[in-house]
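For reference, the structure discussed in these notes is given below.
The values are calculated or read from the model by the stated rules, or taken from the named source; none is laboratory data. What you see is a predicted model; the values in this text were computed from it and never measured. Methodologically, a virtual Cβ is constructed for each residue, glycine included, from the backbone with ideal geometry; neighbour enumeration extends over all protein chains shown.
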Amino acid sequence: MNKKIVSGLAIAAAATLAFGVVATAPANAAAKKTVTLAFQGPLTGGDAQLGQDQIPGAIYAIALYNAKNPAVKVELIKADSQCDGTVAANIAPGVAANKAVIGVVGTSCSGEARNSFPAYRAAGLTMIAPSASAVSLTDPKAPDRGFPIFHRVVAHDGFQAPALARYAAKGVTAPKYYVIDDMTTYGGPLAKGTLATAKKLGTVVGTDSVAKGTADYTSVASKVKASGANVVIYGGYTTDAAKLFKALRDGGYTGILASGDGTNTSDFPGLAGKAAEGVRLTAADVPFDKILTAAQLAEFTKITGVKVPGLYSTTAFNATNIFLDCISQGKLTRPAIQLCVNSGSFKGVGGDVIKFNRYGDIIGGAPVGGYLVKNGVIIYDAVA
Amino acid sequence: MWPLPFGGVATLHNTLDLNRSVDMNFSVVTSQFWSLVLQGLALGLIYALVSLGYTMVYGVLRLINFANSEVFMFGTFATLYIEVHFLGYGINAPSLHGFKLVYTLAFALLASMLACAILAIIVELVAYRRLRARGANRLASLISAIGVSIFLLEGMRIITISRPMTTPRLLDKWSFGEFHGANFRIDTVMTIIAPIVIFVVLDQFVNRSRLGKSIRAVSMSEENSKLMGININRVITLTFCIGGLTTGAAAFLYTTVYENTIFNVGFNMGIAAFTAAVLGGIGNLRGAFYGGIALGLLEQFASAMLGSQWKAVTVFTVLVAVLLFKPNGLFGEAVQQTRT
Amino acid sequence: MANLTRFNLRDKGADIWAGWSRLVRTIFVLGFIVLMGLLPFAAAWGPTSFLNTPITSFQNVLVYPVGMFILMALGLNIVVGKSGLLDLGYVAFFAIGAYTQGILSTLYGWNTWEIMPFGIAFAMLAGVILGLPALRLRGDYLAIITLGFGEIIRIVAINLSITGGPNGIPGIPNPPSIFGLKFDLMHPQIYFWLVLAMILLVVWMVRRFTIRRPGRAWEAIRQDEDVAALMGVNTLVYKLWSFVIGAAVGGAAGVLYASKVAVISPDMFKFDVSILILACVVFGGIGNIWGVIMGAAILAYLPERIRFISEARQLVFGAVLILMMNLRPDGLLPRKKREKITEKRSTNV
């Protein structure tokens, strides 16, 4: 190619990048009839599926609301914090500075929640998280608690971890646990949280921590087999869980495999193949398609383009609905929303009552569901 | 600096309150010795194949080919594409046997090698050639290679929507039998034999053939090779091509053994392979081979003895120690050859 | 084309600078600093509002990544640009500074100004401990060792409980106010001024070093280490100095960063950050502080500015790196011509 053309193109490209299309939506605070909610979670990056599964729940809730309430319209903006604390630390001040935003549906991950708190707390912006489940976020004593702005409609790991240990050993008389984690903010504490219950129900014959993204799990598999364990619990995400469970089965391990909600994604059975059969999973979530009627599901698909609602669609829907409830009561400012969310009593989509305690957890706790993989599909089994 | 993770001193343990204390477990070394050796070899030889992508390029250009990890990633997806979309084996396809298995795998292997070789050549054209022609400094090439790496990584991420993908189990994992606890499974045996064959062929090629000799000539002195009438650009393209071929073979083996891939699969593999190349002595063909094996064994034994969380720390500590005593790696070239 | 690639803004700028009197220089420098100080308000002012970043807050972007990256790139430039050592684990020093701030402030209640000297000292100490063995090695062996060091620091931080394991350290207090300027999250411009002051300090320090003995020694080492050793330069000591000073800047940036974000965790100190900072240095022009500042500003700002194409953001970033390096291999503002090594094949950096 002609050199001049190349350099010309380069300059043009650079100029477009530097000063090009400004897609800022400095939504006008003066506009009376539109308020904005922000969805914050991973929409790109390695954990994108988590956020991509949740956002249809929020979109669906807002579409239903807008159809019924012509007076005050609600818009949704997406704040993609990639399940990454560093990114969230920059995103959150930006969302907080946008005066039109009166509530945040999010975050999906615990790490990004903690890094968002300082900015949202300073701005008095209320958060309702569909899936951030680290215990410390609502622990009155933890320095990184989200009080008073943080709320979540999901059971935290303090409930999930013991439930996971219980559900994993269901029907086993003398469980010998082997607990493995992926050294992340999510997997580490979840795995650690199962230990106390595991020791109560049986014995813990070994623990290991394998960094997320490791290729080879054979040495872990040999260790597990040598330890004589019959219940393996993994705290981590889908991709690595699939690799680990495959390595364990190929290594001749025949006991129970179990993991938490990080693994409970629709991808998992396909990724783990035969090793997925019988794997026990937990999630602080009841499947959305189990709650919706056929007509509602068709409407959901029509609005969002998603056929089968993913994990945590229900909680995302609930979280958004709480904001929408407050908005329909005429609460259109940040302090009013905060007061409304803190003190109000709301109805979940399944008919359950949602009322937050002082530190942002649902009073009475949200249920933890136990799931099984059967014939390549994750099916809801029982309350764990 | 070092809170002595290996310290058995009780007081130190208490004051630091190690979150994941190190349970030194020497009994595994005796009980699982052969099993660890076998798995270490299998893993190490995959590292060795990928590290050729670094070491070959380093040999002639004295540059770290940072895009090689993405070439590997590309190979895993090429294998997956061939098996799932081109040959039409769905996720639940039954395992193949006999002749059909052999030619299916051979086809996937060749396709992956070819795809990686082509990509490696393109990488050279985009990231290195123009810069080399202008005599640019080495770091500029390094950054443009990183640019290519980011571009490929992000491109694949967008194409696959960040989703992990899986290949069907075409190769049923039957076992030849056990030896002192070491399970000689077909895939383990394959990942040990195939790289050895490739290395022998490559070693012969570089040492015997005319083209191989020209590669060695360029790596010793580019100026002199030019004077001897060697077409430098062709040799460099050939080097990238060979690096791509071996990386492609590694990608095929990886995909066949671990049966999954994701857009960022290359990152860990790239770091491991680069470490292996340095451990063995970068720029040196046999160094990459032994470096890979050493790294594979080291990782397996460190995981078994200290716990997987200390694996990377152990590897780099050993690397530093080796380089202190052998500054050019275990099988490094003589010092006068490392500089021109 | 030829004009574009050969045009050396740095030399041209130096010519203009040399022509000025002392008074004009002072006025120019002060005016420039004031202009930079007003930068946080650029997004709100009409004519410059195109600078505003979508979704993320512009004033915060100015502090991190832009300001911090400039600071770290300046620090890394001492190592890579001045003495020619390839360091792929620079983020380790940043992490050490950040964790020093995190641990000392949450455990012992010290404030940022008290911790700053310790953060810098620990980073320098780490620089010595790593540098003494590593700097005996040449070129790319140093690269892998530093890379490994960066990973080790991160993994150790994950594995220990004093660093909070994978959770990191939450609840790090903001710095106490100085001169009535209050540091809190609603006023990121105060942080920016602090970072700006630190950048100016580092620039001044680097310029001092460059024209004195260490600068000349680094230059000699970069051009040819063997010759430098023959001429009586104690290469190990001076290489160690450049390494340690670079580490100190990284440590200072880390302390400040931790007190700004209030929560730190190991995943903030990944290998990518080291690579990105190295890219800033090379993109702007190795060895030239103004080039490095410009490179870091652009590479830190660009991904935030084009956040609206969130899917393809990093893709474009990669393409920009390739394109820039192919068009201007010496960076935006290359170093002085006389400082360039006469290029034979495979020059040492």
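Here are some notes:
- Here B:Ala312 passes the criteria (1) closer than 23 Å to A:Lys223 by Cα; (2) facing another protein chain (nearest Cβ under 8 Å); (3) touching a residue at least 60 places away in the same chain (Cβ under 8 Å); (4) not polar (S, T, N, Q) except the one numbered (3).
- Of all residues in segment C:168-197, those that are touching a Leu at 6+ places or on another chain (Cβ under 6 Å) and touching a residue at least 60 places away in the same chain (Cβ under 8 Å) total 1.
- Extreme residue, farthest from the other protein chains (Cβ to nearest Cβ), among residues of segment C:137-192 that are outside any helix (DSSP H, G or I) and at positive phi: C:Phe179
To keep it simple, each residue is scored yes or no on (1) touching a residue at least 24 places away in the same chain (Cβ under 8 Å); (2) in contact with a Gly (Cβ under 7 Å, 6 or more places away or on another chain); (3) farther than 19 Å from A:Lys212 by Cβ.
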| residue | (1), (2), (3) |
| --- | --- |
| A:Thr239 | yes, no, no |
| A:Ala242 | yes, no, no |
| A:Leu248 | yes, no, no |
| A:Asp261 | yes, no, no |
| A:Pro269 | yes, yes, yes |
| A:Ala275 | yes, no, no |
| A:Gly278 | yes, no, yes |
| A:Gln296 | no, no, yes |
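- In the set (1) surrounded by fewer than 20 Cβ atoms within 10 Å (Cβ to Cβ); (2) more than 19 Å from B:Leu323 (Cα to Cα), the condition left unmet by C:Leu132 is number (2).
- Screening A:Ala142 against (1) in contact (Cβ under 8 Å) with a residue 24 or more places away in the chain; (2) closer than 30 Å to A:Thr44 by Cβ; (3) not polar (S, T, N, Q) leaves a single unmet condition, (1).
- Neighbours by Cβ (under 8 Å, 6+ apart or cross-chain): first from segment B:149-160, within 7 Å of another protein chain (Cβ to nearest Cβ); second among the polar types (S, T, N, Q): B:Ile150/C:Gln314; B:Glu154/C:Gln314
- B:Ala133 being closer than 15 Å to B:Thr255 by Cβ, of a type in the set (A, V, I, L, M) and either in contact (Cβ under 8 Å) with a residue 24 or more places away in the chain or within 14 Å of another protein chain (Cβ to nearest Cβ) (or both): no
- Qualifying residue in segment B:87-98 (condition: without any contact (Cβ under 8 Å) to a residue 60 or more places away in the chain and of a type in the set (Phe, Trp, Tyr)): no
- Flag if B:Ser162 is under 25 Å from A:Ala215 (Cβ atoms) and either surrounded by 15 or more Cβ atoms within 10 Å (Cβ to Cβ) or touching a strand residue (DSSP E or B) at 6+ places or on another chain (Cβ under 7 Å) (or both): yes
- Residue check: B:Leu109 meets all listed conditions (1) more than 20 Å from the chain's Cα centre (by Cα); (2) more than 10 Å from every other protein chain (Cβ to nearest Cβ); (3) among the aliphatic types (A, V, I, L, M) but one, namely (1).
- For B:Pro327, the conditions (1) touching a residue at least 24 places away in the same chain (Cβ under 8 Å); (2) within 11 Å of chain C (Cβ to nearest Cβ); (3) farther than 30 Å from A:Asp181 by Cα; (4) surrounded by fewer than 24 Cβ atoms within 10 Å (Cβ to Cβ) are fulfilled apart from (1).
- Output for segment B:280-330, where each listed residue is hydrophobic (A, V, I, L, M, F, W, C) and within 22 Å of B:Ile193 (Cα to Cα): B:Leu285, B:Ala288, B:Phe289, B:Ile293, B:Ala294, B:Leu295, B:Leu297, B:Leu298, B:Phe301
- From the list C:Ile298, C:Ile286, the lone residue that is in a helix (DSSP H, G or I) and not hydroxyl-bearing (Ser, Thr, Tyr) is C:Ile298.
- Any chance B:Thr275 is over 27 Å from B:Tyr128 (Cα atoms), in contact (Cβ under 8 Å) with a residue 40 or more places away in the chain and buried (at least 19 other Cβ atoms within 10 Å of the Cβ): no
- Exactly one residue out of C:Pro65, C:Pro54 is of a type outside the set (A, V, I, L, M, F, W, C), more than 23 Å from the chain's Cα centre (by Cα) and closer than 29 Å to A:Ala96 by Cα: that is C:Pro54.
Yes/no matrix, rows are residues, columns are (1) surrounded by fewer than 15 Cβ atoms within 10 Å (Cβ to Cβ); (2) at pLDDT below 90:
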{"site": "B:Lys173", "(1), (2)": "no, yes"}
{"site": "B:Phe176", "(1), (2)": "yes, yes"}
{"site": "B:Ala182", "(1), (2)": "no, yes"}
{"site": "B:Thr191", "(1), (2)": "no, no"}
{"site": "B:Pro195", "(1), (2)": "no, no"}
{"site": "B:Phe199", "(1), (2)": "no, no"}
{"site": "B:Leu202", "(1), (2)": "no, no"}
{"site": "B:Asn207", "(1), (2)": "yes, yes"}
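- Here A:Ser110 fits the description: hydroxyl-bearing (Ser, Thr, Tyr) and facing another protein chain (nearest Cβ under 9 Å).
- The one condition from (1) touching a strand residue (DSSP E or B) at 6+ places or on another chain (Cβ under 9 Å); (2) modelled with pLDDT under 85; (3) not hydroxyl-bearing (Ser, Thr, Tyr) that C:Ile169 does not meet is (2).
- Lone qualifier among B:Leu105, B:Leu153, B:Leu114 - being out of contact with any Lys or Arg (no Cβ under 9 Å at 6 or more places or on another chain), surrounded by 18 or more Cβ atoms within 10 Å (Cβ to Cβ) and over 21 Å from C:Ala319 (Cα atoms): B:Leu105
- Just one of the listed residues (C:Val233, C:Val255, C:Val273) is within 17 Å of C:Ala126 (Cβ to Cβ) and modelled with pLDDT under 90, and it is C:Val273.
- Residue count for segment C:21-76, restricted to those that are free of Cβ contacts under 8 Å to residues at least 40 places away in the same chain, assigned to a helix (DSSP H, G or I) and either of a type in the set (D, E, K, R) or over 24 Å from A:Ile91 (Cβ atoms) (or both): 15.
- Test: residue in segment C:207-228 that is under 14 Å from C:Leu256 (Cα atoms) and within 14 Å of another protein chain (Cβ to nearest Cβ): no
- Checked against (1) at the interface with chain C (Cβ under 10 Å from one of its Cβ atoms); (2) out of contact with any strand residue (DSSP E or B) (no Cβ under 6 Å at 6 or more places or on another chain), B:Gly292 passes all but a single condition, namely (1).
- Output for segment A:121-151, where each listed residue is at pLDDT 90 or above, within 19 Å of A:Arg334 (Cβ to Cβ) and away from chain C (no Cβ under 14 Å): A:Thr126, A:Met127, A:Ile128, A:Ala129, A:His151
- Residues being in contact with a Cys (Cβ under 6 Å, 6 or more places away or on another chain) and acidic (Asp, Glu) - total across segment B:102-130: 0
- Within segment A:182-211, residues that are away from chain B (no Cβ under 14 Å) reach partners that are among the hydroxyl-bearing types (Ser, Thr, Tyr) with beta carbons closer than 6 Å, at six or more positions or on different chains, in the pairs A:Ala198/A:Tyr177.
- Here is the figure for segment C:296-335: residues that are facing chain B (nearest Cβ under 7 Å) and touching an Asp or Glu at 6+ places or on another chain (Cβ under 7 Å) total 3.
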